[in-house]
Every structure is written in structure tokens, then in C-alpha cells.
Amino acid sequence: MRWVNIRPGRQLAIYMAALPFVLVVIAYLLGSGARLAENPNDKLLPALSSMGLAVKQMAFQLDARTGSYLMWVDTLASMERLAAALAISTSLALLIGIVIGLLPAANALLGPFVSVTSMVPPLALLPILFIVMGLGETSKIALIVIGTLPCIIRDLSMKVQELPREQLIKAQTLGASTWQIALRVVLPQILPRLIDSLRLQLGPAWLFLIAAEAIASDSGLGYRIFLVRRYLAMDVIIPYVVWITLLAFAMDFALRLLQRKAFPWFASVRAE
Amino acid sequence: MSAIRFEDVWKEYGDHIVLERITLDVAPRAFLALVGPSGCGKTTFLRMLLGEEAPSRGRILIDGEPLKPEPDADRGVVFQRYSVFPHLTVLDNVLLGRELQQSRLLGRLFGRARREATEQAMTLLEEVGLKGHETKYPSALSGGMQQRLALAQAIMRGPKILLLDEPFGALDPGIRADIHVLMKRLWNETELTVVMVTHDLSEAFSLATRVIAFERNRNRPEERERYGATISRDLEIFPRRVAQPHADHPIRSGRDDPAAQGA
């Protein structure tokens, strides 16, 4: 049988999905065990037990200096920034993307501008943001917005243009004004596609968040990682990275679930 | 119910002439079928009538008035595909025209207005044989049912002219025969002038009152670009078919037609 026709069954697929994770963990444990056997004070690949201790200390014990549970405070600070930034960029992108995609005049005016600005490396703007907006929350949120907004706008305006021409004509023959076309035909069909776009932008959003927190911050997951780096505290860094990954994955999963539940018609449209 | 008049209409894309010297008078309540080989400009003709494209020369008149340069509610349309909205249920697809008409700001009806519109929509859905499918999304319907839905959706808004762009081309023969019966009834019971593009000659002759054939008269490679297609045959169906002047139970549509009210 050809390889292209070999499909794993459901159960086998689960095992296969788990395999790479298990292999990575095993490889880590072996490496960590070997290094620790040679030097019990090795900091590079800490044992699971020392990471567990670190997590216990960071997440479940009151920090004596600040009087708070550090890991939760960090998580809350990072999630607030991320949520604020993504709320701003998705709502702006929805508005601008639909306008550009639906109105040829708006496309002529803004299309090239968005294309060019989406090529500006956002991290190169970070110093400017810090200078102009200071080191507070605003500049961090602004970085994530600047980093994700042009991409979502471009994606959404293209998705609007990909809607079948027949639908827009049909809506007009039903008497729809431009506003009504946007509201009843385009917006509801773009929302599930916005979720796709947002899922793809979660990665860059986290990247910009961590970068901004690493450079100038006094709280947040990225701040903590870069702070404890000075002490080679791998037992804190690794659990933090795993925790960030879990958070990002949970957000992605939630978005996918929302898409399926809120737009039951979308799956068959996408399958076409 | 509208008369359509083409006065020496040409359509060119740059140097490429697609249609030339189209002069045509279509009587109100006619059922016009456009036939011809692929690429002979049938669809271009329909798109001009729809207002999606403007003629390069000549003009198109509807009841003596120049055609509006963009699609509007006077001219309903059913395409071969993508005629219904995938994000709306069957019922919402039919309601959409009424909602857009009566609610300019939100495009949605609530309460009593919605109940009344729903009642009409349900009657119409029953007419086209989609009773019991109101809550489904179009993707759950077969191709024939989707086209029935598209017809109901277009008729709900009460257009004067219904344009059909190979609407039944993708359907199985049996299903096509069923939908032909429906199409005939809709034409009889509403006040429509119908223009249908088709590549199926038997469909054209079994439904239409008049069949127009488009053809390129000059087809040598060096002439192709510079000579467009034009009307080569104009056949009145004999014995003459005429739409029933007054249906016993006209299908209620969105138009407040004075004729229907006996004015």
C-alpha cells in the first residue's frame, strides 16, 4: 500500500501524537540524570524534583519580599497585557479589514499602506515605543498591537475579497445597502475566519509580549524568566516555559471550540 | 412585470469585443431563454442586465427607463452556485430580503414584523417544497433544494425581473425536471419577466416563451478578438406560451403591485 493511503486508526493516532512528547521527556530525563550523576550541583538540566520544588515555591508559597504568589501575579500581569492587546487589535482589524475588503475605494487608499506597514519589524519599533510611551503598560500593549494588527487586517481583507462575488450581487438584488451587506453578509461570515486569523497570531503575540517584558518590566512571565536567568535558575525557567506553552495552547483550543460552537455552518463552508 | 429593451448594445473589454449589435425587445412577463456555445457572451449579457457591468455602447431600458448602473431589488437573480448564504438557515435566507427592506439600520426584524414575515416565508417555502427544512443550513441541502431555496429567496423580495444564470445546470435530470415544473409555476403565479441563460436546449424550449441564440459570426483566429457574438436566432415558441394573466392564488411577494390589488 502507498504511504499516502496509510491512515492510522483513532487509538493509534493518540499514541502517535503522544510519542514525540514522551521521547522529549525521556531524552531530558536521561540527559539530566547523566549530568547530575557527574555533578549533583549542576544547574543546566535540573531534576523533575527540583523543578517541582521551584514551582511549589513560586506558585504556592507567599513570597516574603513582595507578599504575593509570584507565578500567579506574573501570569495575571502577562494575561492582562495579552488580552488587552488582542482585544484592541482584533476589533480594529475587524473594522479596517472589512472596510478594505469590501470597498474598492478604501482598498485603493489603505491597501498599499497596510501592506508596507506590515513589513516593519515590530521589535525594531520597541525603542521608539519606550521613548514615546514610557516603560509602562501602554508601550507593551502597543507593541503587541503593532505586531499583530497589520497581519490580521491583511488576512481579513483578503478573506472578505474571497467571498463569492455572487453573494455580494445577490445581497444587492435583495435590496441591501453597503452597510447592510457589511452587517448581514460580510461580518457574520468573517467572524469565524477572524478566529482562524487570531489563532495564527497568538504565536507572534506571545513573542512580542515576552520581548517587551524582558526588556522593561517589573512583573510578568517574560520578566521573571529573564530575571532568574541571572542565577541560571533553570528550575524556574523550564516550568515557566512549559506553563506559557500550556496557556497558549489552552487559548488556541478555546478559540477552536468557540469557532465550532458559535459558527456551526462554518465547517462545511471551509471543506468546500 | 417589466419590458426590457436593448438598443444597439456592445460590450468590449479593451480591444476584445464580446457582444455587438444587440438590439432586443422583451415583452413584460416573457420567459426568455438565452442559448449559445460557451464563451459567446450569454453571461456577459446577463451581467449587463443585472447592472453588474455597463455596456460599452448603446443602452438598456427597463420600462422605458435607463437601467440603473448597479444591481438592485428590481432584478432578482439565481446563479448556478453561491446563490444562498451559507451562514443563514433556510428560513433566514428567505427572510433576508424582507429584513433588509424593512430594517435599514439593523437589517433584522423582531417581534410582530418578524412573525408576519416568517409566516409568508413559510408559505413560500412550502410552495417550493422545502417545508420541514427551515432550520437547516444550506450545506445540509442537496443541490436541487439549494436552487429551490435560491428561487424562494429571490421571489420573497418581489423583483420585477428574475435573472437565472444556468440555475439548473448542475442538477441531475430527474431533479431538474421537478424544478422545471416549479419554475413554470412560479413564472405563472408571480408577476415576473424571466431571463434565463442555459446551455441546455431542451430546457430552453420547454420553459421559455422565446429562445434567443447567441453566436459568433466570424470565428477565424485572426477575427476572434475584433468581432463579438450577436443574436443569431430569435425564436418565438409555437404554440405561443403566455403567463396566466391572473393567478387564482398568486404567490405573495414583497412588492405592493397595483395590478395584483386590482388598481
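Each reported figure results from applying straightforward, stated rules to the coordinates on display, with no laboratory input. As the structure is a prediction and not an experimental result, all values here were calculated from the model. Reconstructed Cβ throughout: ideal geometry from the backbone, glycine too, with neighbour counts over all protein chains shown.
Compute the relative contact order of chain B as a whole-number percentage, counting only Cα pairs closer than 8 Å that sit 6 or more residues apart in sequence.
About 28 percent, as a whole number.
Using a Gaussian network model of chain A whose springs link C-alpha atoms within less than 10 Å, name the residue from A:A13, A:A176, A:A105 with the highest mean-square fluctuation.
In this elastic network of chain A, the residue with the biggest mean-square fluctuation among A:A13, A:A176, A:A105 is A:A13.
At B:R59 and A:R199, where each label point lies 7 Å from the Cα along Cα→Cβ, what is the point-to-point distance in nanometres?
Here the modelled spin labels are 5.4 nm apart.
DSSP loop trypsin sites (Lys or Arg not before Pro) in region B:117-171 with at most 16 other Cβ atoms within 10 Å of their Cβ, which ones?
B:K131, B:K136
Roughly how far apart, in whole Å, are the Cα centres of region A:181-246 and region A:19-85?
Each part's Cα centre sits 18 Å from the other's.
Between B:P221, A:A142, A:S177, whose Cα lies farthest towards the positive end of the dipole of the protein assembly as shown when Lys and Arg beta carbons carry +1 and Asp and Glu beta carbons carry -1, centred on the Cα centre?
Projecting each Cα onto the dipole axis, the largest value belongs to A:A142.
Where is the GNM fluctuation largest for chain A (alpha-carbon springs, 10 angstrom cutoff): A:E162, A:E137, A:E213?
Top of the fluctuation ranking is A:E162.
Please build a GNM for chain B, connecting alpha carbons under 10 Å apart, and tell me which residue among B:F45, B:F110, B:F31 fluctuates the most.
B:F110
With each pseudo-label sitting 7 Å past Cα toward Cβ, what's the A:W179-A:L257 distance in nm, one decimal?
Modelled inter-label distance: 3.8 nm.
Could you name the lysines in cross-link range of B:K68, using Cα to Cα under 22 Å and dropping any fewer than eight places away on the same chain?
Once the sequence-local lysines are set aside, what remains near B:K68 is A:K170, B:K11, B:K42, B:K160.
Can you compute the FRET efficiency between A:R35 and A:V116 using 1/(1 + (r/R0)^6), with r the Cβ-Cβ distance and R0 = 41 Å? Round to the nearest 0.05.
Calculated value: 0.25.
Over what distance in Å are the Cα centres of region B:1-58 and region B:162-239 separated?
Each part reduced to its Cα centre gives a spacing of 13 Å.
Are there trypsin sites (Lys or Arg not before Pro) in region A:40-147 that DSSP marks as loop and that have at most 11 other Cβ atoms within 10 Å, and which are they?
A:R65
Could I have the simple spin-label model distance between A:L23 and B:W10, label points 7 Å from Cα toward Cβ, reported in nm to one decimal?
6.9 nm
Please determine, in degrees from 0 to 90 and to the nearest 10, the orientation of helix B:90-102 with respect to the longest principal axis defined by the Cα atoms of chain B, where the helix direction is its Cα long axis.
80 degrees
Length gain on complete extension for the stretch B:A170 to B:H199, per 0.36 nm per residue less the alpha carbon to alpha carbon distance?
9.3 nm
Shape of chain A from its Cα gyration tensor (a ≥ b ≥ c, root eigenvalues): rounded if a/c is under 1.5, otherwise prolate when a/b > b/c, or oblate?
Because a/c hits 1.5 or more and a/b fails to exceed b/c, chain A counts as oblate.
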